[in-house]
Amino acid sequence: MALGTLTALPVPAPRVIDRSVAAGAMLLAPLAAVPLAVLAGLVVLAGDALGLPALAVAGIAVGAVGLASRGLHLDGLADTADGLGASFDRARALEIMRRGDSGPTGVATLALVLIVQTGSLAGAISGGHGVPAAVGGVLVSRWVLALCCTRGVPSARPDGLGAAVAGSIRLPWTVLTLCAAAGLATLVPGLPWWRGPLVVAAAVAAAGLVLWRCTARLGGITGDVLGACVEFGATAAWLALAP
């Protein structure tokens, strides 16, 4: 479920999707994202070897990750922005988010986020730590899914991905997995030990802000909201790694 949901890898569908499977898939999200992180790191490594401009390399890396995840999180970001920006009525907002098209708010949000992501990753590349930044940003942004699916976070709809994973992870597991992320981040090569945990904290704070806003406005999470949290988490992580 984790690989099939979060990447474009052709894997068999899970035979059963229940609360324990959903919780396990969200906890395994960083592991499932390893192929995406490796792809981003290889793009940056190749760009450095070829002497390409940092901004161009960063754009290719961000685009490659988006394509390798079928644009799922980017679509969620655009739909969430459209829903939040179009109407104060909860039912109307959810109806807009369910559509397959993107309005001006969604397109503008998507463009702005991609610009910030590309510029931030380019800063890390220019600073000499582009590969760990590319890899770390992808992994940390998927780690925030544990926060979004913690017990007490409701689903905005009775169906869909949000309903399957909302509230599926017990709080101790969320705390444990985020502490593990911060601990592993101290070991990132090429960075001071304290900077990795700072990146994790930035990603969690950004995703938490989106989660709070969507829960207050929509009554809970949807699959689109999860995608928006991932993209904001990645943006915050790369911003923290930019200097």
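The values are calculated or read from the model by the stated rules, or taken from the named source; none is laboratory data. Note that this is a predicted model, so its numbers are computed, not measured. Methodologically, a virtual Cβ is constructed for each residue, glycine included, from the backbone with ideal geometry; neighbour enumeration extends over all protein chains shown. We work out accessible area using only protein heavy atoms, side chains counted, and drop any ligands, DNA or RNA first. Shrake-Rupley method; radii C 1.70, N 1.55, O 1.52, S 1.80 Å.
A single entry from Gly219, Gly227, Gly233, Gly196 fulfils the requirement of being open to solvent by less than 10 Å² (accessible area, probe 1.4 Å) and within 17 Å of Val153 (Cα to Cα): Gly227.
Filter segment 21-52 down to the residues that are over 21 Å from the mean Cα position of the chain (by Cα), open to solvent by 30 Å² or more (accessible area, probe 1.4 Å) and in contact (Cβ under 8 Å) with a residue 40 or more places away in the chain, then identify the one that is farthest from Arg151 (Cα to Cα). Lay out the reasoning, then the answer.
Just the residues of segment 21-52 that are over 21 Å from the mean Cα position of the chain (by Cα), to begin with: 45-52.
If we keep only those that are open to solvent by 30 Å² or more (accessible area, probe 1.4 Å) too, we end up with 45-46, 48-52.
Retained after the next criterion (residues that are in contact (Cβ under 8 Å) with a residue 40 or more places away in the chain): 45, 48.
Working: Leu45: 40, Asp48: 43 Å.
Looking at the filtered set, the residue picked out is Asp48.
Listed conditions (1) without any contact (Cβ under 8 Å) to a residue 24 or more places away in the chain; (2) open to solvent by 40 Å² or more (accessible area, probe 1.4 Å); (3) more than 20 Å from Gly41 (Cβ to Cβ) are all met by Trp173, apart from (1).
In the set Pro189, Pro158, which member is within 30 Å of Gly119 (Cβ to Cβ) and more than 18 Å from the chain's Cα centre (by Cα)?
Details: Pro158 fails: within 30 Å of Gly119 (Cβ to Cβ).
Selected residue: Pro189, the only one of Pro189, Pro158 that is within 30 Å of Gly119 (Cβ to Cβ) and more than 18 Å from the chain's Cα centre (by Cα).
Checked against the criterion of being at pLDDT 95 or above, over 30 Å from Gly127 (Cα atoms) and not aliphatic (A, V, I, L, M), segment 183-195 has no qualifying residue. Taking first residues from segment 107-123 that are in contact (Cβ under 8 Å) with a residue 12 or more places away in the chain and partners that are open to solvent by less than 50 Å² (accessible area, probe 1.4 Å) and not in a helix (DSSP H, G or I), the Cβ contacts under 6 Å between residues at least 6 apart in sequence or on separate chains come to Ser120/Ala242; Gly123/Ala242. Counting only helices (runs of 4 or more DSSP H) wholly contained in segment 117-233, the ones carrying 1 or more residues that are hydroxyl-bearing (Ser, Thr, Tyr) occupy 130-143, 171-185, 195-218. When the residues of segment 72-107 are narrowed to those that are closer than 17 Å to Gly223 by Cβ and not in a helix (DSSP H, G or I), which ends up least open to solvent (accessible area, probe 1.4 Å)? Residue satisfying both the conditions and the ranking: Ser102. Of all the residues in segment 123-149, those that are open to solvent by 10 Å² or more (accessible area, probe 1.4 Å) and more than 14 Å from the chain's Cα centre (by Cα) number 8.
Against the definition (under 25 Å from Arg157 (Cα atoms), surrounded by 19 or more Cβ atoms within 10 Å (Cβ to Cβ), in contact (Cβ under 8 Å) with a residue 40 or more places away in the chain and within 15 Å of the chain's Cα centre (by Cα)), how does Ala207 come out, yes or no? Even if it seems obvious, please write down each step before you answer.
Numbers: under 25 Å from Arg157 (Cα atoms): yes; surrounded by 19 or more Cβ atoms within 10 Å (Cβ to Cβ): yes; in contact (Cβ under 8 Å) with a residue 40 or more places away in the chain: yes; within 15 Å of the chain's Cα centre (by Cα): yes.
Judged against the criteria, Ala207 is a match.
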